[in-house]
Amino acid sequence: TLEPLQDLRTLTLSMPPVYDHPFILESGSPGRVISLTSLITLTLYGPTDLNGVISHFYTPALRHLHLRSLEDVGYRQQPIAPSLVHFLVESGPPLELLELHDIDLSPEAFAECFASLPYLRELRLHESSICDASVALLRGSRGLCPRLTRIDFRWCGMLRGRALVDLVRSRCTVDELASQSPYS
């Protein structure tokens, strides 16, 4: 259905949050990849399992990625980190915005994702289990995601305020030094 739509710029796949059955990819097509070379924005809404479909997309122009688990049946996370990391490495998209809503990644998976996002400007994590050590990877001029200018961490229970303060201070120092003229 999607392959003929090569000029597609925005795609949203949505399933109802009260969907009672798990989303399962067909077993006959685990290696199938759909190339959408003009896609700029991809949004996936629905059960956590739906987010695994991302590894079946090749989107080298993608700038905005929104992954949202809309389940309200308690904690039922299936690890999507391998799918997300595979997608970022294989597509190599110049992502400027990444939103993960109720998606939990391990510290190692966050590190792999951040390392694959040199153009990231905005990071939105809502109800995600990011820890202080993962946020520390974004600090200063040598941190991952060097272009990051906006963060939105809502209801991230493992994250301490001190980690955010340290991140902002390290980024402010870098910005201040970059804006200073050598002739002042």
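Miscellaneous remarks
- Vicinal HN-Hα couplings computed from phi for region 158-172 (Karplus, 6.51 cos²θ - 1.76 cosθ + 1.60; Hz; Gly/Pro x): 7, 8, 9, x, 4, 5, 5, 4, 4, 4, 5, 4, 5, 6, 5
- Put simply, when 133-142, 147-156, 52-61, 95-104 are sorted by average Cβ atoms within 10 angstrom per residue, most first, you get 95-104, 52-61, 133-142, 147-156.
- The stretch between His66 and Ser141 holds 24.4 nm of extra length on full extension. This uses 0.36 nm per residue minus the Cα-Cα distance.
- Placing a pseudo-label 7 Å from each Cα along the Cα-to-Cβ vector at Leu5 and Val33 gives an inter-label distance of 2.1 nm.
- One decimal place: the segment Ala111-Ala81 gains 9.7 nm when fully extended, by the rule 0.36 nm per residue minus the C-alpha distance.
- The heavy atoms of Glu3 present about 80 square angstrom of accessible area, all protein chains included, probe 1.4 Å.
- Spin-label model, Thr43 to Trp155: label points 7 Å out along the Cα-to-beta-carbon direction sit 1.8 nm apart.
The values are calculated or read from the model by the stated rules, or taken from the named source; none is laboratory data. Treat the numbers as computed from the prediction; the structure is a model and nothing was measured. Neighbour counts are summed over all protein chains in view; Cβ atoms, including those assigned to glycine, are modelled from backbone coordinates with ideal geometry. We work out accessible area using only protein heavy atoms, side chains counted, and drop any ligands, DNA or RNA first. Shrake-Rupley method; radii C 1.70, N 1.55, O 1.52, S 1.80 Å.
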